[in-house]
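Reading through the structure tokens given below for one structure.
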Amino acid sequence: MVIEEPLRNMSHMDNNSRRRFTEVVNEGFVHDDSASGGEQNQCTSSVSALETKLENKTESARQVITIAVEAESPGDLERPDTERFGQDETPESDSAWMVAVGASLIMMLTDMVGACFSLIFLPLFLELGTSSSTSGRLFNIMEFMWSISGLIIGPLVKRFGWRQVALVCSLLITSSFIISSFATSAWFLLFSFSILAGVSCGIVNNLCLLIIPHYFKQKRGVANAFMMAGSSIGQMVGPILISSVHDEFGFIGGTFIVGAVVLHCCVGASLFRPIQVHTRLRQDSTKTKDWEPSAKNTENTVNKSTCKVLTEAFVSICHDVVANFSILKSLRAIIIALGGMLFVNTFLNFLTLVPFAVEAAGHPGQVTNWHFMVSAACNLVARLVVCLLSDFSRFSMQVCFMTSAAITALSILAYSVVADTWWQTLIMGAFGCGVGGYMGIYNLGAAHFMGLDDMAPTMGVKLLLTGVGFVTIGPSIGMIRDASGSYAVSMWVLAGMTGGSFTLWVFMPAAVRYDHNKNHKHLPPL
């Protein structure tokens, strides 16, 4: 660290020397172009505290160095978000709540698309005689693209902003519906919907999960509950809407109308007010000279050709995407990403096995519908409850994740051995509570354990692993079912995977201590 050595001798400086050193350090932090506005404010506050403590001579040398280290390190999980991001307004202002409204609207519309894929294209599949395996591949490819697109959200937002990214993706989703309405074969949907809509929906949907923690601090759980409610409403209303428009207007007209409804994502995106970052500007001659080259560079950028600007943007985004993988150096990030991948792939694959298991047991199809309804209702309630509880100071996210994983694993095991339909319905309710408890705050967990600066890379890596799981774990579960001839064996494997997620979260406190010690290992001995 640059200021470590001078700090050792500051106690022997006179008052003028100490003040001059503080001004130099403060000026260096303010002029650092690589630091964000929040980091500059944090560093300025820490340097001021350092000056006061040195003037009063109330701190030991090691404590003084610790203050300097904390001023330089951006990874302190306890640092308030308002200080790190230098927001102009309090996180719970009216404009922040409008962001929550926009995120809830987008989540409602995009989750409707993801949950109702087969229902949207059912008339086309029936007309073309498309096999279940083909439609399943198209759905899995869409989910894969949905997941891996999370890796580029951070770089895109960093360069273009929340609102611009959400608006463009919303238009692309609607374009995907319009193009897909003219599909003449099932594989045409691979490009028109599975890839185009998968990437667009994935970006704008996961962007909503990232944006809430950036705008809220004290009411973060309430805002997240509001957003999650929109997601659940979309999954409930979507099937009714899609079935109605297809019955009334046919496949082409119905798909156009659904695309028009999804276009309202632009309304939600327009509510994403940019975060205002204030940087204290010095009014001296040195600062004025520093701003002059910046203005010239801006003018030169405007004069560049469009092709060159786009190329530079593409290269910059690719560089940021590759740099995001460095987050895996943190044990906290590994636990969040790997644990989330195991859990998401477990509960989604279990839900795909339930209808086949019910049919194999000789139960009527209405039993499956009842199981899914009870599970969805309990899922919604659990999401809202854990989001609201997360605002309390004594709420432990680690305990919540572990408890939810344990309930989900036990529910899967119980469902595989119980034959009575009423008991299975109760078990599906418990399963929905476990899934809702985990998925309701998994974005808040990333913000809590990693901080806002590292939240986007962590979520991106987690989504990438989840996408890889869709094309590896899902087929493997099917192979286990075919080899064993039993759905129960496949469910036991899924329960074991959820147990793996539970085990990973057990080690989170140790991972936090390890990462903290690693970040502060450069403290010099005295």
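Remarks
- Residue that is modelled with the highest pLDDT, among those in region 110-120 that are open to solvent by less than 40 Å² (accessible area, probe 1.4 Å) and under 19 Å from residue 178 (Cβ atoms): 110
- Test result for residue 375, more than 30 Å from residue 486 (Cβ to Cβ) and either out of contact with any Leu (no Cβ under 6 Å at 6 or more places or on another chain) or open to solvent by less than 70 Å² (accessible area, probe 1.4 Å) (or both): no
- Residue 414 being outside any helix (DSSP H, G or I), open to solvent by 20 Å² or more (accessible area, probe 1.4 Å), of a type in the set (Gly, Ala, Ser) and more than 30 Å from residue 460 (Cα to Cα): no
Residue-by-condition table, conditions (1) without any contact (Cβ under 8 Å) to a residue 24 or more places away in the chain; (2) surrounded by fewer than 19 Cβ atoms within 10 Å (Cβ to Cβ); (3) more than 25 Å from the chain's Cα centre (by Cα):
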| residue | (1), (2), (3) |
| --- | --- |
| 200 | no, no, no |
| 206 | no, no, no |
| 215 | no, no, no |
| 228 | no, no, no |
| 231 | no, no, no |
| 240 | yes, yes, yes |
| 250 | no, yes, yes |
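- Taken as a whole, the condition of being surrounded by 21 or more Cβ atoms within 10 Å (Cβ to Cβ) and in a helix (DSSP H, G or I) does not apply to residue 123.
- Residue selected from region 344-362 under the condition over 25 Å from residue 153 (Cα atoms) and open to solvent by 50 Å² or more (accessible area, probe 1.4 Å), by the criterion farthest from the chain's Cα centre (by Cα): 362
- Selection status of residue 175, under 22 Å from residue 245 (Cα atoms), part of a helix (DSSP H, G or I) and out of contact with any Gly (no Cβ under 6 Å at 6 or more places or on another chain): yes
- In region 327-343, the residues that are open to solvent by 10 Å² or more (accessible area, probe 1.4 Å) and in contact (Cβ under 8 Å) with a residue 60 or more places away in the chain: 327, 328, 330, 331, 332, 334, 335, 336, 338, 341, 342
- Test: residue 485 is among the small types (Gly, Ala, Ser), open to solvent by less than 60 Å² (accessible area, probe 1.4 Å) and on the phi > 0 side of the Ramachandran plot: yes
- Listed conditions (1) in a helix (DSSP H, G or I); (2) buried (at least 18 other Cβ atoms within 10 Å of the Cβ); (3) touching a Ser or Thr at 6+ places or on another chain (Cβ under 8 Å); (4) touching a residue at least 24 places away in the same chain (Cβ under 8 Å) are all met by residue 194, apart from (3).
- Residues satisfying the stated conditions in region 421-444, i.e. within 18 Å of the chain's Cα centre (by Cα) and closer than 27 Å to residue 354 by Cβ: 435, 436, 437, 438, 439, 440, 441, 442, 443
- Qualifying residues in region 127-166 (those that are basic (Lys, Arg) and over 26 Å from residue 348 (Cβ atoms)) - the one most open to solvent (accessible area, probe 1.4 Å): 158
The values are calculated or read from the model by the stated rules, or taken from the named source; none is laboratory data. All values derive from a computational prediction rather than experimental measurement. All Cβ positions, even for glycine, are placed from backbone atoms using ideal geometry, and neighbour counts span all protein chains on display. Protein only, heavy atoms only, side chains kept; ligands, DNA and RNA dropped before computing areas. Shrake-Rupley method; radii C 1.70, N 1.55, O 1.52, S 1.80 Å.
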